[in-house]
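Reviewing the structure listed below.
The values are calculated or read from the model by the stated rules, or taken from the named source; none is laboratory data. A quick note: this is a predicted structure, and the numbers were derived from the prediction, not measured. As a convention, Cβ positions derive from the backbone with ideal geometry for all residues, glycine included, and neighbour counts pool all protein chains shown. What goes into the accessible areas is simple: the full protein's heavy atoms, side chains included, and nothing from ligands, DNA or RNA. Shrake-Rupley method; radii C 1.70, N 1.55, O 1.52, S 1.80 Å.
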Amino acid sequence: RRSTTNHTNDNSRQTLTLVKTIIVVNIVRFHPDLFFDQLFFQKSSIKMKFYIATAFFASSCTAFVAKHPVHKAFRQSPLQAVSKKESYAVTLLPGDGIGPEITASTKQVLAALCTRFGFEINLKEALIGGAAIDAVNDPFPQETLDQCLSSDSVLLACIGGYKWDTNPRELRPESGLLKMRKEMGLFANLRPAKVLPQLIDASTLKREVVEGVDVMVVRELTGDVYFGTPKGIDVIDGQRVGYNNMIYSESEIDRIARVAGDVASKRGGKLCSVDKANVLDVSQLWRDVVTEVITKDFPDVALSHMYVDNAAMQLIRWPKQFDTIVCGNIFGDILSDEASMLVGSLGMLPSASIGESGPGVFEPCHGSAPDIAGEDKANPLAMILSAAMMLHYDLDRTEEAQLLEKAVEAVLDQGLRTPDIKQEGDGCELVGCKEMGDAVAKLVAEIELPAKVEV
């Protein structure tokens, strides 16, 4: 057993060594010419040579980080897939309405992809939404949560329907979705709205307005007025009063800002933060924190701010001004749906919900469309594109993700259209959900691989 005196002496020596190293590091940073003097280096002791070498290494690392802010930002963002491997476990949640139909088509496409690239995606289904309520009287059962958390990723179709609209709130399909986001820590939702050339005329806006639009909406998912407390409906002075709490902590804003900064730095380098800071204190905090994070850790990203009412108008007036948009839960809920209609149909839009760790959840933006369920009229392309996002963000399969995206564009080039994207007089062939899935699966097996892989 060593004495306290020996510990004290060791600590003193370590402190002295650290101080010497710090001094030399700063001399190297500000007077490097001194250490390039050969005579000085030759006369230096072995310890001094060690300090000099350490100083040069530290100085080089500092310079590298300063010149490569994107690398620094990436390390501070949760957008990192699991390590690439030959077999993945994915939880599949068919849900309600048209969910089982688009799920069947997506499974077929993924099977073709796995065959072509020689890897496995083991899909295991679980209950959520109305289907779970009917089966076990719980919109998001514990068994489903456990299975999701033990998977590499989660692929969800859609939930909801008229059948459950009059249920108590805790027994509605949407409550299961909110519970899943909260329990899995899915705080960031990524919704791309990219106008494909083949579907420009499907948009309700003029061609010159939407042509070339490529917007990513980054929405915070687990805070804001949807989760804030206190909330409820009380009787005050003889009348019912309903209230919710719009609340954000600094850490919640910080982490979504880092995701948005990372996304923007890998896209066009522009980020627009949406708030209502002119009247809401919570929005003022939002603006302050987003500004601090982006200016400090993402200096390569051009940050702007816009009030939510103006942003809603600008998305319709001139959407091409936007590259990446970041906003809170309720503003993002509204704006992401608005942005989706730039494309012409919700049936074409995927989304990703991610957390700080663990699997993400990937799902189409559209609802369960119970009015056409079972009629083979659904569009499976949004769920197929959601599977592409899963491959990219969760499974480290970028090349395979790009092939899926290419196959979707190719099937549109062939003139195949489901009812939601079919235009009168467009000369395209009207097909159902199954036939569209068959066509994409066939193209996945046959088309050429993308010439260049973006990482």
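For ASP337, the solvent-accessible surface computed with a 1.4 Å probe is close to 60 Å², ligands and nucleic acids excluded. Stretching the chain fully between ALA135 and GLN239 yields a gain of 33.6 nm (0.36 nm per residue, less the alpha carbon separation).
Summary value for region 336-376: 32 percent relative contact order, contacts being C-alpha pairs under 8 angstrom separated by 6+ residues.
For ARG255, the shell of other residues with beta-carbons less than 9 Å away shows a net charge of -3, using +1 for Lys and Arg and -1 for Asp and Glu. Taking K and R as +1 and D and E as -1, what net charge do the other residues with C-beta under 10 Å from the C-beta of VAL195 add up to? Around VAL195, the charge tally is +1. On full extension, the segment bounded by ALA302 and GLU446 gains 47.8 nm, given 0.36 nm per residue less the C-alpha separation. With a ≥ b ≥ c taken as the square roots of the eigenvalues of the C-alpha gyration tensor of region 361-455, please select rounded if a/c is under 1.5 and otherwise prolate if a/b is larger than b/c or oblate if it is not? Verdict is oblate for region 361-455.
Work out, step by step, the length gained on full extension between LYS85 and GLU174: first 0.36 nm times the residue separation, then minus their alpha carbon distance; give nm to one decimal. Don't jump to the answer; show the numbers that get you there.
On the way: separation 89, 0.36 × 89 = 32.04 nm, distance 3.38 nm.
Here the segment from LYS85 to GLU174 would lengthen by 28.7 nm.
Taking all protein chains as shown and a probe of 1.4 angstrom, MET313 keeps an accessible surface of around 90 Å². Could you pull out which residues in region 240-272 have an amide N less than 12 Å from a spot 7 Å beyond the Cα of GLN314, following the Cα-Cβ vector? Backbone N within reach: 271-272. The residues of region 330-455 present an accessible area of 39 Å² per residue when probed at 1.4 Å with all protein chains retained.
Round to the nearest 0.05 the FRET efficiency obtained for ALA111 and ASP254 when R0 = 41 Å and r is the Cβ-Cβ distance. Write down the numbers at each step before the final one.
On the way: r = 41 Å, r/R0 = 0.99.
E(calc), rounded to 0.05, equals 0.50.
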